[in-house]
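The values are calculated or read from the model by the stated rules, or taken from the named source; none is laboratory data. The shown structure was predicted, so the numbers you read here are calculated from the model rather than taken from an experiment. All Cβ positions, glycine included, derive from the backbone under ideal geometry; neighbour counts span all protein chains shown. Side chains included, ligands, DNA and RNA excluded: accessible areas come from the protein's heavy atoms. Shrake-Rupley method; radii C 1.70, N 1.55, O 1.52, S 1.80 Å.
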Amino acid sequence: MTTPIAPPVTADGCAAPDQAAPLPLSVDLEKETVITGIVLAEGGDPVAGAYVRLLDRSGEFTAEVVTSPAGQFRFFAAPGTWTLRALSRFGNGDAQVTAERGVNQLSVTVSS
Amino acid sequence: MSRDSSLVSADWAEKNLNTPGVVFVEVDEDTTAYDGGHIAGAVKLDWRQDLQDPVRRDFVNKQQFEALLSSRGIANNDTVVLYGGNNNWFAAYAYWYFTLYGHGDVKLLDGGRKKWELDARPLVKDLPQREATQYSAKDQDLSIRAFRDDAVRAIGVQNLVDVRSPDEYAGRLLAPAHLPQEQAQRAGHIPTALSVPWSKAANEDGTFKSDDELRTIYGDAGLDDSKDTIAYCRIGERSSHTWFVLQELLGKKNVKNYDGSWTEYGSLVGVPVALGDEPGEA
């Protein structure tokens, strides 16, 4: 048996890294604007496997990740206003955030 | 090429899971998605480990590609249906790659993994058993692949299409926003490149927009059909998605994917770079 290893958060490729992994030590929070949180169903349970889209101030797609088993998502953006849009089998939902450098947390609730 | 010959729907796929001669192939960079559940019978290709040379920055060569497909049990006359995560970015990359090496019948599953999951269609963990084949590839078809010198020569002359997000185009971000932003290359875009993010071509569920909508998007952006076209992004997979739209869905001629893309161009010494939301001057 081999132990599964979480893919490293590097920018060599383009796939989204493991959304449940801790922030790597190489991420400099003085420079990075991290937008992170949880997708919740109407009853408050986290939604795993939801697709979370990060839209810029004009509503244009910037990135998309799939939530972890605990419903977590994480983006590396820039300071400013962003919209998060979550799609799931349980319905969709939106949330807005005005992000600053460092870690910005919020949740997105989906409903059908 | 056209939508009918290059794209299949999730409904078609579900009805043809057991059709002889049809091979489903999931292509991802992070293959843990496949391991957690995939379309029944689908074989796995790892974008990085299987399709990139482990030492040089380039694709696997013809012999390596032949060995790869032979070991996966894919034959020359199989219909290969590609799908994957990230809105089919890496599946589109593999589609371009299969086309580059001359595979006869290759198709993309509309909406990829996302549409399949949102539809709650079945996924399995069983690994397929396929007998090895003797796959024979053709030489690379360089009419669909652009290199850095092609990109430089295209400035102000051909259609250059930058398919990254608007913030990457303008130089406000250096990578897609699910990745850390510390990067070696310079920010910005190739001067005179049009900004048409790949995402304009896709619906929220990852399926492609209609041909009429697509023609309007690229027409309004200023794509000149009398000129050859080079699409690029950061590492060449999102631009494969746009290459697929322009050449395979809309049937445009002389469209190339610049797979070196911004990670190469943005690291070149002495080439021009434009900043901001406008294409800039040649």
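In terms of modelled amide H atoms, which long-range or inter-chain residues lie less than 5 Å from the amide H of A:N104?
Close amide H contacts, sequence-distant or interchain: A:V34, A:I35, A:T36.
Keeping the other protein chains in place, figure out the carbon and sulfur percent of the accessible area of the range B:188-282, with a 1.4 Å probe.
It is 45 percent, rounded to a whole number.
Sequence gap at least 6, Cα distance under 8 Å: using those rules, report the relative contact order of the range B:3-140 to the nearest whole percent.
34 percent
Other chains' Cβ within 10 Å of A:72-78 residues: what's the mean?
Across A:72-78, the average partner-chain Cβ count within 10 Å equals 4.
Quick one: buried accessible area between B and A, total over both chains, 1.4 angstrom probe, nearest 100 Å²?
Summed over both sides, the interface buries about 3000 Å².
Counting only other chains, what is the mean number of Cβ atoms within 10 angstrom of the Cβ of each residue in peptide A:55-63?
Taking all residues of A:55-63 together, the mean is 6.
In deg cm²/dmol, rounded to 500, what helix-only [θ] at 222 nm does the protein assembly as shown give when every DSSP H run of at least 4 residues adds -39500 (n - 2.57) and the total is split over its residues?
-5000 deg cm²/dmol
Beta carbons within 10 angstrom, averaged per residue: use that to sort the peptides B:87-100, B:46-59, highest first.
Packing order, densest peptide first, comes out as B:87-100, B:46-59.
Angle check, please: helix B:62-71 long axis (alpha carbons) against the longest principal axis of chain B (alpha carbons), in degrees 0 to 90, nearest 10.
30 degrees
If amide H atoms are built 1.01 Å from N in the plane of the peptide, which residues on other chains or at least 5 residues away come under 5 Å of the amide H of B:I155?
Placed amide hydrogens put nothing under 5 Å from B:I155.
Quantify, in whole percent, the carbon and sulfur part of the accessible surface of the range B:3-140 (1.4 Å probe; protein heavy atoms only).
46 percent
Let me have the relative contact order for chain B, percent, based on Cα pairs under 8 Å that are six or more residues apart.
Relative contact order comes out at 21 percent.
Taking each residue in B:231-244, count the Cβ atoms of any other chain within 10 Å of its Cβ, then average. What number comes out?
Per residue, the number of nearby Cβ atoms from other chains is 1 on average.
When averaged across all projection directions, what area in nm² does the alpha-carbon convex hull of the protein assembly as shown cover?
If I average the Cα hull's projected area over directions, I get 19.1 nm².
Using amide H atoms built 1.01 Å from N in the peptide plane, name the residues 5+ places from B:Q52, or on other chains, whose amide H lies under 5 Å from its own.
Sorted by chain and number, the residues that satisfy this are B:V60.
Using a 1.4 Å probe on the protein heavy atoms, what percent of the accessible area of the range A:33-102 belongs to carbon and sulfur?
The C+S portion of the solvent-accessible surface of the range A:33-102 is 47 percent.
Accessible area per residue of the protein assembly as shown at 1.4 Å probe, in Å²?
Here the residues of the protein assembly as shown average 43 Å² of exposed surface.
Can you give the net charge of the other residues whose Cβ lies under 9 Å from the Cβ of B:T79, counting K and R as +1 and D and E as -1?
Charge balance near B:T79 sits at -1.
Using alpha carbons only, how many degrees (0 to 90, rounded to 10) separate the axis of helix B:211-221 from the longest principal axis of chain B?
In chain B, helix B:211-221 runs at an angle near 20 degrees to the longest axis.
Pairs of Cα atoms under 8 Å, at least six residues apart: use those to get the relative contact order of the range A:33-102, whole percent.
After rounding, I find 35 percent.
If the viscosity is 0.692 mPa s and the temperature 37 °C, what Stokes-Einstein diffusion coefficient in µm²/s follows for the range A:33-102 when Rh is the Kirkwood radius over Cα pairs?
Estimated diffusion coefficient is 272 µm²/s.
So how much slack lies between B:D4 and B:S70, counting 0.36 nm per residue of separation and subtracting their Cα-Cα distance, in nm?
The B:D4-B:S70 span can extend by a further 21.0 nm.
Please identify every one of the trypsin sites (Lys or Arg not before Pro) in the range A:51-112 that sits in a loop by DSSP and has no more than 15 other beta carbons within 10 Å of its own beta carbon.
A:R57, A:R89, A:R101
Under 10 Å, Cα contacts only: if you run a Gaussian network model on chain B, which one of B:Q247, B:Q158, B:Q63 comes out with the highest mean-square fluctuation?
In the Gaussian network model the winner is B:Q63.
In the range B:172-195, what residues drop by 40 Å² or more in accessible surface going from the chain by itself to the full protein assembly, probe 1.4 Å?
Residues losing area: B:L173, B:A177, B:H178, B:L179, B:P180, B:E182.
So what J values fall out for the range B:184-195 if you push phi through Karplus, 6.51 cos²θ - 1.76 cosθ + 1.60 with θ = phi - 60°, rounded to Hz, Gly and Pro as x?
Using θ = phi - 60°, the values come out as 6, 7, 6, 8, x, 9, 6, x, 6, 5, 7, 9 Hz.
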